[in-house]
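Engineer: Let me give you the structure first, and then I'll get to my questions.
The values are calculated or read from the model by the stated rules, or taken from the named source; none is laboratory data. These numbers were taken from a predicted model, which means no experiment stands behind them. Glycine also receives a Cβ, built like all others from the backbone with ideal geometry; neighbour counts cover every protein chain displayed. Ligands, DNA and RNA are excluded from the accessible area calculation, which covers all protein heavy atoms including side chains. Shrake-Rupley method; radii C 1.70, N 1.55, O 1.52, S 1.80 Å.
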Amino acid sequence: TRDAAIGRFHAHAAAQRRRLANRAAGVRAERGDGFVRCDRRGRFFVGSMNERRDAPSATLVRVDLDGTMTEALAGMTISNGLAFSPDGQFIVAGGADNRIRVWQFVSRETPAINPLRVARFAHEGPIVRLAFTPDGERLVSSAENLTVKLWNTADYSEITLYDDQPAV
(Lines give C-alpha, C1' and ligand atoms only; values in the text may rest on other atoms or scores of the structure.)
Protein backbone atom coordinates (compact mmCIF):
# COMPACT_ATOMS: atom_id res chain seq x y z
CA THR A 1 0.00 0.00 0.00
CA ARG A 2 0.96 3.64 -0.34
CA ASP A 3 1.27 4.12 3.44
CA ALA A 4 3.56 1.10 3.75
CA ALA A 5 5.76 2.40 0.93
CA ILE A 6 5.98 5.81 2.60
CA GLY A 7 6.88 4.10 5.87
CA ARG A 8 9.67 2.13 4.20
CA PHE A 9 10.99 5.30 2.57
CA HIS A 10 11.04 7.16 5.90
CA ALA A 11 12.69 4.19 7.59
CA HIS A 12 15.35 4.03 4.91
CA ALA A 13 15.98 7.79 5.05
CA ALA A 14 16.21 7.76 8.84
CA ALA A 15 18.59 4.81 8.77
CA GLN A 16 20.79 6.61 6.26
CA ARG A 17 20.93 9.70 8.51
CA ARG A 18 21.83 7.51 11.49
CA ARG A 19 24.50 5.68 9.46
CA LEU A 20 26.14 8.94 8.45
CA ALA A 21 26.03 10.28 12.00
CA ASN A 22 27.56 7.08 13.37
CA ARG A 23 30.33 6.79 10.79
CA ALA A 24 32.55 9.22 12.69
CA ALA A 25 32.08 7.20 15.88
CA GLY A 26 33.05 3.93 14.19
CA VAL A 27 29.50 2.57 14.40
CA ARG A 28 27.51 1.56 11.33
CA ALA A 29 24.10 0.06 10.66
CA GLU A 30 24.12 -3.50 9.44
CA ARG A 31 22.25 -4.72 6.39
CA GLY A 32 21.14 -8.21 5.55
CA ASP A 33 18.61 -10.75 6.68
CA GLY A 34 20.07 -11.24 10.13
CA PHE A 35 20.25 -7.55 11.08
CA VAL A 36 16.77 -6.12 10.51
CA ARG A 37 13.48 -7.34 11.94
CA CYS A 38 9.94 -6.03 12.01
CA ASP A 39 7.67 -6.31 15.05
CA ARG A 40 3.92 -7.02 15.12
CA ARG A 41 3.18 -3.29 14.94
CA GLY A 42 5.15 -2.92 11.68
CA ARG A 43 8.14 -1.13 13.16
CA PHE A 44 11.67 -1.96 12.01
CA PHE A 45 14.42 -2.88 14.44
CA VAL A 46 17.88 -2.29 13.01
CA GLY A 47 21.12 -3.37 14.64
CA SER A 48 24.29 -1.33 14.41
CA MET A 49 27.84 -2.43 15.03
CA ASN A 50 31.05 -1.03 16.40
CA GLU A 51 33.44 -1.71 13.51
CA ARG A 52 36.45 -1.63 15.83
CA ARG A 53 34.69 -4.16 18.12
CA ASP A 54 36.58 -2.66 21.04
CA ALA A 55 33.58 -1.67 23.16
CA PRO A 56 29.87 -2.48 23.46
CA SER A 57 28.82 0.85 21.89
CA ALA A 58 26.40 -0.44 19.24
CA THR A 59 22.65 -0.24 19.61
CA LEU A 60 19.41 -1.71 18.41
CA VAL A 61 17.26 1.06 16.96
CA ARG A 62 13.50 1.00 16.45
CA VAL A 63 12.25 2.85 13.36
CA ASP A 64 8.58 3.73 13.68
CA LEU A 65 6.25 3.99 10.68
CA ASP A 66 6.53 7.80 10.75
CA GLY A 67 10.34 7.54 10.49
CA THR A 68 10.99 8.36 14.16
CA MET A 69 14.04 6.51 15.48
CA THR A 70 14.34 5.35 19.09
CA GLU A 71 17.16 3.44 20.75
CA ALA A 72 15.61 0.16 21.86
CA LEU A 73 18.63 -1.61 23.35
CA ALA A 74 22.23 -0.64 23.95
CA GLY A 75 25.44 -2.31 25.05
CA MET A 76 26.19 -4.48 22.03
CA THR A 77 29.29 -4.82 19.89
CA ILE A 78 27.35 -6.18 16.92
CA SER A 79 23.93 -7.76 16.54
CA ASN A 80 24.17 -10.36 13.79
CA GLY A 81 20.85 -12.02 14.46
CA LEU A 82 17.66 -10.71 15.96
CA ALA A 83 14.55 -12.62 16.97
CA PHE A 84 11.36 -11.67 18.79
CA SER A 85 9.72 -14.24 21.04
CA PRO A 86 6.31 -15.31 19.68
CA ASP A 87 4.56 -13.57 22.60
CA GLY A 88 6.49 -10.34 21.97
CA GLN A 89 7.88 -10.25 25.52
CA PHE A 90 11.55 -10.84 24.66
CA ILE A 91 14.07 -9.97 21.99
CA VAL A 92 17.16 -12.08 21.44
CA ALA A 93 20.32 -10.89 19.71
CA GLY A 94 23.36 -12.91 18.72
CA GLY A 95 26.61 -11.39 17.66
CA ALA A 96 30.20 -11.49 16.57
CA ASP A 97 31.25 -12.05 20.19
CA ASN A 98 29.64 -15.54 20.01
CA ARG A 99 27.09 -14.65 22.68
CA ILE A 100 23.31 -14.70 22.91
CA ARG A 101 21.67 -11.84 24.78
CA VAL A 102 18.03 -11.83 25.86
CA TRP A 103 16.18 -8.65 26.84
CA GLN A 104 12.72 -8.51 28.35
CA PHE A 105 10.40 -5.82 27.00
CA VAL A 106 9.14 -4.06 30.10
CA SER A 107 8.56 -0.78 28.29
CA ARG A 108 8.34 -0.17 24.59
CA GLU A 109 8.49 3.58 25.19
CA THR A 110 11.42 3.77 27.66
CA PRO A 111 14.07 1.33 26.40
CA ALA A 112 16.48 2.07 29.25
CA ILE A 113 14.36 0.02 31.64
CA ASN A 114 14.26 -3.11 29.46
CA PRO A 115 16.40 -5.49 31.51
CA LEU A 116 18.99 -7.80 30.06
CA ARG A 117 17.88 -11.24 31.32
CA VAL A 118 20.52 -13.53 29.79
CA ALA A 119 23.99 -13.02 28.32
CA ARG A 120 25.79 -16.25 27.62
CA PHE A 121 28.49 -17.73 25.44
CA ALA A 122 26.73 -19.73 22.74
CA HIS A 123 28.99 -20.72 19.82
CA GLU A 124 32.66 -20.98 18.87
CA GLY A 125 32.00 -18.57 15.98
CA PRO A 126 29.93 -15.45 15.38
CA ILE A 127 26.18 -16.05 15.53
CA VAL A 128 24.44 -15.33 12.24
CA ARG A 129 20.81 -16.44 12.71
CA LEU A 130 18.29 -16.88 15.52
CA ALA A 131 14.72 -18.16 15.41
CA PHE A 132 12.13 -19.14 17.99
CA THR A 133 9.89 -22.17 17.60
CA PRO A 134 6.23 -21.15 17.20
CA ASP A 135 5.45 -22.04 20.84
CA GLY A 136 8.43 -19.99 22.09
CA GLU A 137 9.81 -22.88 24.14
CA ARG A 138 12.92 -23.34 22.00
CA LEU A 139 15.42 -21.10 20.23
CA VAL A 140 17.56 -22.19 17.29
CA SER A 141 20.88 -20.46 16.65
CA SER A 142 23.41 -20.88 13.86
CA ALA A 143 26.96 -19.63 13.61
CA GLU A 144 29.68 -18.98 11.05
CA ASN A 145 31.51 -22.12 12.24
CA LEU A 146 28.69 -24.21 10.66
CA THR A 147 27.10 -25.24 13.94
CA VAL A 148 23.42 -25.12 14.86
CA LYS A 149 22.19 -25.25 18.46
CA LEU A 150 18.80 -25.80 20.01
CA TRP A 151 18.15 -23.95 23.30
CA ASN A 152 15.55 -24.29 26.05
CA THR A 153 14.11 -20.77 26.51
CA ALA A 154 13.10 -21.38 30.12
CA ASP A 155 16.75 -20.93 31.14
CA TYR A 156 18.58 -20.71 27.78
CA SER A 157 20.38 -23.97 28.39
CA GLU A 158 21.71 -25.87 25.40
CA ILE A 159 19.63 -28.89 24.39
CA THR A 160 21.40 -30.09 21.25
CA LEU A 161 24.46 -29.22 19.16
CA TYR A 162 24.46 -30.04 15.45
CA ASP A 163 28.09 -29.92 14.25
CA ASP A 164 29.39 -29.34 10.73
CA GLN A 165 26.15 -28.28 9.08
CA PRO A 166 26.34 -27.36 5.39
CA ALA A 167 26.42 -23.58 4.81
CA VAL A 168 23.89 -22.47 7.39
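Engineer: Taking amide H positions as placed in the peptide plane 1.01 Å from N, state which residues far from ALA143 in sequence (5 or more) or on other chains have amide H under 5 Å from it.
Structural biologist: VAL128
Engineer: For the pair ARG40/ASN145, report the inter-label distance in nm, with labels modelled 7 Å from Cα in the Cβ direction.
Structural biologist: Modelled inter-label distance: 3.6 nm.
Engineer: Also: Could you give P(r) for segment 115-168, binned at 10 Å from zero, as whole percent values over all Cα-Cα pairs?
Structural biologist: Per 10 Å bin, starting at zero, the Cα-Cα P(r) for segment 115-168 comes out as 25, 56, 19, 1 percent.
Engineer: Expected output is a single nm value to one decimal: the length gained when fully extending between SER85 and ALA55, i.e. 0.36 nm times separation in residues minus the C-alpha distance. What is it? Working shown, then result.
Structural biologist: Values: separation 30, 0.36 × 30 = 10.80 nm, distance 2.71 nm.
So the chain would gain 8.1 nm between SER85 and ALA55.
Engineer: Amide H neighbours of ARG138 under 5 Å, counting only residues 5+ apart in sequence or on other chains, H built in-plane at 1.01 Å?
Structural biologist: Placed amide hydrogens put THR133, THR153 under 5 Å from ARG138.
Engineer: Further question on the same structure: Could you put ILE100, ILE159 in order of accessible surface area, largest first, with the 1.4 Å probe and the full protein assembly present?
Structural biologist: These residues rank, largest area first, as ILE159, ILE100.
Engineer: Could you give the nm distance between label points at ALA74 and GLU137, where each point is 7 Å from its Cα heading toward the beta carbon?
Structural biologist: It works out to 3.8 nm between the two label points.
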